[in-house]
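Structure record follows, encoded as structure tokens.
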Amino acid sequence: MTRPISELRSQRWFAANDFRSFGHRQRLQQTGLRREDFMGKPVIGIINTWSDISPCHAHLRERAESVKRGIVAAGGHPIEMPALSLGEVMVKPSTMMYRNFLAMECEELLRSHPIDGVVLMGGCDKTTPGLLMGAISMDLPAIFFPAGPMLNGQWRGERTGAGTHTKKYWEELRAGNITQADWIELEGRMTRSHGTCNTMGTASTMTSIAEALGFTLPGASSIPAVDSAHARMAIACGERCVAMVLEDLKPSRLLTRASFQNALVVYMALGGSTNAAVHLPAMAGRADIKLTLADMDAVSSATPVLANLYPSGKFLMEDLFFAGGLPALMHKVSSRLALDCLTVNGKTIGENIAQARCLDDDIIRDIDKPIGEGKTLAVLTGNLAPDGAVIKPSAASPALLKHSGRALVFEDHAELSARIDDPDLDVDASSVLVLRNAGPVGAPGMPEWGNLPIPKKLLAQGVRDMVRISDGRMSGTHYGTCVLHVAPESAVGGPLALITTGDIVDLDVAARSLNMRVSDAELAARRAAWKKPAQRYGRSYALLYQRHVSQADRGCDFDFLEGRGAPEPPIF
Ligand code: FES
């Protein structure tokens with residue numbers, strides 16, 4: 001199907017012979033364009049999350065030029081528009097708080113400008129779900145161009161992964177096993193190139209999920225940021241987006257319950273980040289598809305971890321690329337995929353992966369030779385988390401997956417930071433560290449505080465993992481027996497607000513349970529005495545966020561953005 005140009009929404013701006021359209025044409029010519037450069041052509045937006053303070057996206061300014069080249073070659077007119085960059089490490093209090101901001105910005109940029117289709121440029125953690133949520137809501141033809149992972153790191157003969165080894169060496173420094181000079185040397189050695197984290201952290205999880213949902217060209221999520229193939233992929237994305245506009249190939253034609261099921265299979269086979277358990281329900285919600293924690297647990301339970309990548313395994317994204325990339329992994333789980341789901345190149349998932357082959361069976365394991373017994377995600381419920389909590393068994397200590405211990409409760413992150421290394425802290429290796437007020441409303445923005453630091457005195461004794469529980473999140477690059485995303489969160493009165501130091505906590509991942517040994521009567525008495533904490537922000541976007549964000553099990557979207565809603569009238 002090919003749509004006539006006259007039906008494109010950009011023509012409302014440019015085609016009419018009236019006062020307003022004169023202004024639109026006049027102003028584009030003010031930039032040095034000729035009338036024929038944009039008249040009668042599909043107008044393709046390029047939403048670019050490049051910024052000087054976003055190292056993962058440092059190359060996207062240059063890549064946007066390649067995207068434009070593809071658009072022009074295919075007969076379209078490119079319009080690049082900057083959007084919130086959300087460099088994961090730099091943005092405070094958390095990029096998660098601004099994911100919805102980016103989603104709104106993406107949707108409104110598309111709504112308010114003469115755009116027929118869009119190339120979305122992102123990749124650092126929250127940028128992928130943020131851009132996709134906005135594009136799903138706007139429902140114009142959209143193709144996602146992943147920033148691509150950075151090159152492999154290496155230090156003194158060891159492969160080093162961004163995030164994973166930062167945390168590891170930080171603990172070794174605190175334990176006295178590496179020197180301050182080593183630590184400073186690592187600063188300049190662990191991140192060798194532009195690009196997103198090279199582990200199977202949130203960035204690679206989400207760009208791979210974008211590919212599994214059909215939002216990228218085949219293989220796009222695995223190409224390293226600085227590989228020449230990455231620039232060629234940029235050209236291909238621009239070129240393809242023009243055709244998508246003429247075919248009216250919109251997100252609503254890609255997204256079905258089956259395509260989200262594919263995304264879940266890929267997520268679990270990759271050993272992906274727990275953060276995807278928040279982003280996927282939010283993305284599905286924009287498409288009016290209900291995706292629950294129970295759906296995720298069911299797929300995880302049935303899906304072995306095949307990608308031998310940090311933090312679950314021992315390789316990095318560059319290794320995955322050389323082993324055949326995501327199409328090779330999808331080929332290995334093809335019997336579990338809905339192969340008839342449509343993708344942005346107009347072909348089905350099945351057609352796209354038909355010729356894919358794995359070139360290294362240690363990096364992408366066969367389905368009967370997974371990298372371990374642990375699965376990617378387990379969903380826990382009980383009197384500590386009535387609406388659910390998650391844990392990543394593949395990155396946890398097997399011995400701690402069934403554990404009972406005495407709770408040591410920290411009221412908030414400030415108290416945790418102040419007390420955790422106190423030599424007099426009443427803690428041992430069997431203790432359960434609990435952090436509250438780290439959730440969507442309480443923090444706010446659900447920062448990645450869930451991998452609570454091991455107390456220094458226990459590090460010195462050789463302890464490297466403990467059971468930790470919070471309503472916050474954990475970096476996808478991290479490992480540890482961390483129970484995360486407890487819902488409802490403590491700041492809205494969830495039971496996490498009621499646990500006290502000394503209560504016994506029972507964690508049983510096999511039974512999917514998380515409980516505290518506190519009677520219902522005692523919990524009722526504590527609830528009666530509980531006081532809601534004051535909201536931390538009194539104005540601006542943070543106030544909007546605290547008022548409208550949903551809980552983690554529902555995806556932390558805003559209540560007024562969930563679902564497709566009624567169609568809106570044209571802007572003019
Ligand atoms: Fe950008 Fe990890 S900090 S992807």
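The values are calculated or read from the model by the stated rules, or taken from the named source; none is laboratory data. From a predicted model like this one, the values you see are computed outputs, not experimental measurements. Cβ: placed from backbone, ideal geometry, glycine included. Neighbour counts: every protein chain shown. SASA here: full protein model, heavy atoms, side chains in, ligands and nucleic acids out. Shrake-Rupley method; radii C 1.70, N 1.55, O 1.52, S 1.80 Å.
Determine the principal axes of the Cα atoms in the stretch 42-193, then give the extent along each, sorted from largest to smallest and rounded to whole angstroms.
Rounded to whole Å, the extents work out to 59, 33, 20 Å.
Accessible area of the chain with a 1.4 Å probe: how many percent of it is carbon plus sulfur?
Values: 11310 of 21380 Å².
Carbon plus sulfur share of accessible area: 53 percent.
For 14, 560, give me the order by solvent-accessible area with a 1.4 Å probe, most accessible first, ignoring ligands, DNA and RNA.
Sorted by accessible area, descending: 560, 14.
Please work out, to two decimal places, the log10 of the ratio I(q)/I(0) at q = 0.09, 0.10 Å⁻¹ from a Debye calculation in which every Cα of the chain carries one identical scatterer.
-0.66, -0.81
By average Cβ neighbour count within 10 Å, what is the ranking of 365-373, 475-483, 492-500 from highest down? Please report the intermediate quantities before stating the final value.
On the way: 365-373: 14.4, 475-483: 25.1, 492-500: 19.8.
Descending mean neighbour count gives 475-483, 492-500, 365-373.
May I ask for log10 I(q)/I(0) of the stretch 460-572 at q = 0.12, 0.23 Å⁻¹, from a Debye sum over the Cα atoms as equal point scatterers with solvent left out?
-0.64, -1.38
Could you work out Rg/(2.2 N^0.38 Å) for the stretch 311-389, with Rg from alpha carbons only? All intermediate terms of the calculation are to be shown ahead of the outcome.
Values: Rg = 16.2 Å, N = 79, 2.2 N^0.38 = 11.6 Å.
Rg over 2.2 N^0.38 Å, computed on Cα atoms: 1.40.
Under 11 Å from a label point 7 Å along Cα→Cβ of residue 564: give me every residue in the stretch 272-293 with its amide N that close.
Within reach of a label on residue 564: 287-289.
For residue 273, enumerate residues with amide H under 5 Å from its amide H, sequence gap 5+ or separate chain, H modeled in the peptide plane.
It is 205, by chain and number.
Highest mean first, what order results for 71-83, 95-107 on Cβ atoms within 10 Å?
On the way: 71-83: 19.2, 95-107: 24.8.
Ranked by mean Cβ neighbours within 10 Å, highest first: 95-107, 71-83.
Residues of the stretch 436-470 with backbone nitrogen within less than 19 Å of a virtual label 7 Å along the Cα-to-Cβ line of residue 527, please, listed as ranges.
Only 437 fall inside the zone, counting backbone N under 19 Å.
How much length is gained if the chain between residue 7 and residue 519 is pulled fully straight, taking 0.36 nm per residue apart and subtracting their Cα-Cα distance, in nm to one decimal?
Numbers: separation 512, 0.36 × 512 = 184.32 nm, distance 6.48 nm.
Computed gain between residue 7 and residue 519 is 177.8 nm.
How big is the stretch 228-323 in terms of Cα radius of gyration and Dmax, in angstroms?
Final numbers for Rg and Dmax: 16.2, 44 Å.
Work from the charge dipole of the stretch 312-407 (Cβ charges, +1 for Lys and Arg, -1 for Asp and Glu, about the Cα centre) and give the residue of 320, 376, 337 farthest towards its positive end.
Checking the options against the dipole of the stretch 312-407, the answer is 376.
Mind jotting down the distance between the C-alpha centroids of the stretch 493-508 and the stretch 549-572, whole Å?
Cα centroid to Cα centroid, the span is 33 Å.
Can you give the FRET efficiency to the nearest 0.05 for residue 247 and residue 366, using r as the Cβ-Cβ distance and R₀ = 45 Å?
0.75
Based on Cβ point charges of +1 for Lys and Arg and -1 for Asp and Glu, what charge dipole magnitude is obtained for the stretch 172-307 about its Cα centre, in debye rounded to the nearest 20?
The calculation lands at about 260 debye.
Straight distance only, please: which aspartates and glutamates reach the Cα of residue 456 with their own Cα at less than 15 Å, same-chain residues fewer than 8 apart left out?
Within reach: 171, 172, 421, 422, 424, 426, 428, 465.
Contour minus end-to-end for residue 156 and residue 511, with contour as 0.36 nm per residue of separation and end-to-end as the Cα-Cα distance? If you can, show how the numbers build up before the last one.
Details: separation 355, 0.36 × 355 = 127.80 nm, distance 4.15 nm.
Gain in length upon complete extension: 123.6 nm.
If I take R0 = 56 Å and measure r between the Cβ atoms of residue 232 and residue 465 in this structure, what FRET efficiency does the formula 1/(1 + (r/R0)^6) give, to the nearest 0.05?
Numbers: r = 43 Å, r/R0 = 0.76.
For R0 = 56 Å, the calculated efficiency reads 0.85.
Of all the C-alpha pairs in the stretch 414-499, what % are more than 19 Å from each other? The partial results should precede the final answer.
Details: 1346 of 3655 pairs.
Across the stretch 414-499, Cα pairs with separations above 19 Å total 37 percent.
Given labels modelled 7 Å from the Cα in the Cβ direction, how far is it in nm from residue 39 to residue 81?
Here the modelled spin labels are 2.4 nm apart.
Just in the stretch 1-74: which trypsin sites (Lys or Arg not before Pro) are loop by DSSP and have at most 16 other Cβ atoms within 10 Å?
Working: sites: 9, 12, 20, 25, 27, 34, 35, 61, 63, 68, 69; in loops: 9, 34.
In loop regions of the stretch 1-74 (DSSP not H, G, I, E or B), the sparsely surrounded trypsin sites (Lys or Arg not before Pro) are 34.
Please compute the per residue accessible area over the chain with all protein chains in place, 1.4 Å probe, rounded to a whole number of Å². Please report the intermediate quantities before stating the final value.
Working: 21380 Å² over 572 residues.
Computed with neighbouring chains in place, this is 37 Å² per residue.
Ignoring ligands, DNA and RNA, how do 468, 539, 257 rank by accessible area with a 1.4 Å probe, largest first? If you can, show how the numbers build up before the last one.
On the way: 468 5, 539 175, 257 110 Å².
Descending order: 539, 257, 468.
What is the Cα convex hull volume of the stretch 110-172 when expressed per residue in Å³? Let's see the in-between values first.
Working: hull volume 6.1 nm³, N = 63.
In the stretch 110-172, the Cα hull volume divided by residue count equals 97 Å³.
Under a 5 Å amide H to amide H cut-off, with H placed in plane at 1.01 Å, what residues pair with residue 469 once short-range neighbours are removed?
Correct list: 433, 434, 435, 483.
Using the Karplus curve 6.51 cos²θ - 1.76 cosθ + 1.60 with θ = phi - 60°, what ³J(HN,Hα) values do you get for each residue of the stretch 57-70, in whole Hz, with x for Gly and Pro?
Computed from phi, the couplings for the stretch 57-70 are 10, 4, 8, 6, 5, 5, 5, 4, 5, 5, 4, 4, 4, x Hz.
Average the reciprocal distances over every distinct pair of alpha-carbons in the stretch 1-45, invert the result, and give the Kirkwood radius in Å.
Details: mean 1/r = 0.0906 Å⁻¹.
Roughly 11.0 Å, rounded to one decimal.
Put +1 on the Cβ of every Lys and Arg and -1 on every Asp and Glu Cβ in the stretch 1-89; which of 86, 46, 16 then has its Cα farthest towards the positive end of the dipole?
Comparing the listed Cα positions along the dipole, 16 ranks first.
Please give every one of the lysines within straight-line cross-link reach of residue 314, meaning a C-alpha to C-alpha distance under 26 Å, and leave out same-chain neighbours fewer than 8 residues apart.
Qualifying lysines at Cα under 26 Å: 126, 167, 168, 332, 369, 375, 392, 402.
How large is the Kirkwood hydrodynamic radius of the stretch 374-431, counting all unique pairs of alpha carbons, in Å? Show your work: numbers first, answer last.
Numbers: mean 1/r = 0.0728 Å⁻¹.
Here the Kirkwood hydrodynamic radius works out to 13.7 Å.
With θ set to phi - 60° and the Karplus curve 6.51 cos²θ - 1.76 cosθ + 1.60, what are the ³J(HN,Hα) couplings of the stretch 257-269 in order, to the nearest whole Hz, using x for Gly and Pro?
4, 5, 5, 5, 5, 4, 4, 5, 4, 5, 3, 6, 5
How large is the charge dipole for the chain, taken about the Cα centre, if only the Cβ atoms of Lys, Arg (+1) and Asp, Glu (-1) carry charge, to the nearest 20 debye?
On the way: 60 positive and 62 negative charges, 187 e Å.
Taking the Cα centre of the chain as origin, the dipole is about 900 debye.
Can you give me the distance in nm between label points at residue 539 and residue 418, each placed 7 Å from the Cα along the Cα-to-Cβ direction?
Each label point is offset 7 Å from its Cα along the Cβ direction, giving 2.7 nm.
Go ahead and run the numbers for FRET between residue 61 and residue 397, Cβ-Cβ distance against an R0 of 41 Å, rounding to 0.05.
After rounding, the FRET efficiency stands at 0.45.
State the answer as a single residue: which of 231, 2, 543 lies farthest towards the positive end of the charge dipole of the chain, with beta carbon charges of +1 for Lys and Arg and -1 for Asp and Glu, about the Cα centre.
2
What Kirkwood hydrodynamic radius, in Å, does the stretch 341-477 give when the mean of 1/r is taken over all pairs of distinct Cα atoms and then inverted? It would help to have the intermediate numbers written out before the result.
Numbers: mean 1/r = 0.0557 Å⁻¹.
Hydrodynamic radius (Kirkwood, Cα only) of the stretch 341-477 equals 18.0 Å.
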